[in-house]
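The structure appears right after this line, and notes come after that.
The values are calculated or read from the model by the stated rules, or taken from the named source; none is laboratory data. This is a predicted model, so every value here is computed, not measured. Note: ideal-geometry Cβ built from the backbone for every residue, glycine included; neighbour counts use all protein chains shown. In case anyone asks, the SASA skips ligands and DNA or RNA and just uses the protein heavy atoms, side chains included. Shrake-Rupley method; radii C 1.70, N 1.55, O 1.52, S 1.80 Å.
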Amino acid sequence: MQTTSLISDMQQTAINRRKKAFDKYRHTNSYQPSEKEVQAFYRSREWLSVRRKVINRDHGFDQVELVDFGRLIDGNTVHHIVPLREAWEGRADVDNLEVVSPANHNREHIEKGNKQLNGKRKRIEELKVVTEVVSNDKTEEL
């Protein structure tokens with residue numbers, strides 16, 4: 001019973017992090033980095049440091065698997081919730097990063113060959129970030 005509660009708390013934390021990232025970076029797109037800048041960032045000390053922090057924060061668990069299926073599996077890839085090329089200013093923001101497994105990272109990225117998700121993933125994420133409903137003039141958690 002305690003494990004189920006812990007997983008539920010972890011799920012809610014991941015959902016809240018996604019909502020915060022979407023709210024903060026979804027409409028920014030103020031700067032388009034070059035491919036050279038993106039690759040330089042991924043080799044930088046700043047990225048290695050923030051990557052380590054995110055892996056420690058998420059205890060190495062795949063956050064997509066946790067949110068989507070309530071399962072704890074290992075992850076070793078740090079993923080931008082709002083993509084780096086869409087929100088350059090959020091490139092090192094721990095609130096815009098989460099740990100995922102390589103399989104789920106590929107699932108998240110259309111450009112990595114998952115064309116059937118074209119546009120669907122963002123709609124799914126927008127639905128997931130809704131965590132409250134108003135009923136009878138009071139707010140209840142789902």
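Points worth noting:
- Test: residue in region 28-35 that is assigned to a helix (DSSP H, G or I) and open to solvent by 30 Å² or more (accessible area, probe 1.4 Å): yes
- Residue match in region 43-64 (condition: modelled with pLDDT under 95 and either in a helix (DSSP H, G or I) or under 19 Å from Asn106 (Cα atoms) (or both)): yes
- All conditions but one from (1) under 12 Å from the mean Cα position of the chain (by Cα); (2) in a loop (DSSP other than H, G, I, E, B); (3) at pLDDT 95 or above; (4) not aliphatic (A, V, I, L, M) apply to Glu98; the one that does not is (2).
- Selection status of Asp74, charged (D, E, K, R), open to solvent by less than 10 Å² (accessible area, probe 1.4 Å) and within 14 Å of Ser101 (Cβ to Cβ): no
- Residue check, Tyr25 modelled with pLDDT under 95 and over 20 Å from the mean Cα position of the chain (by Cα): no
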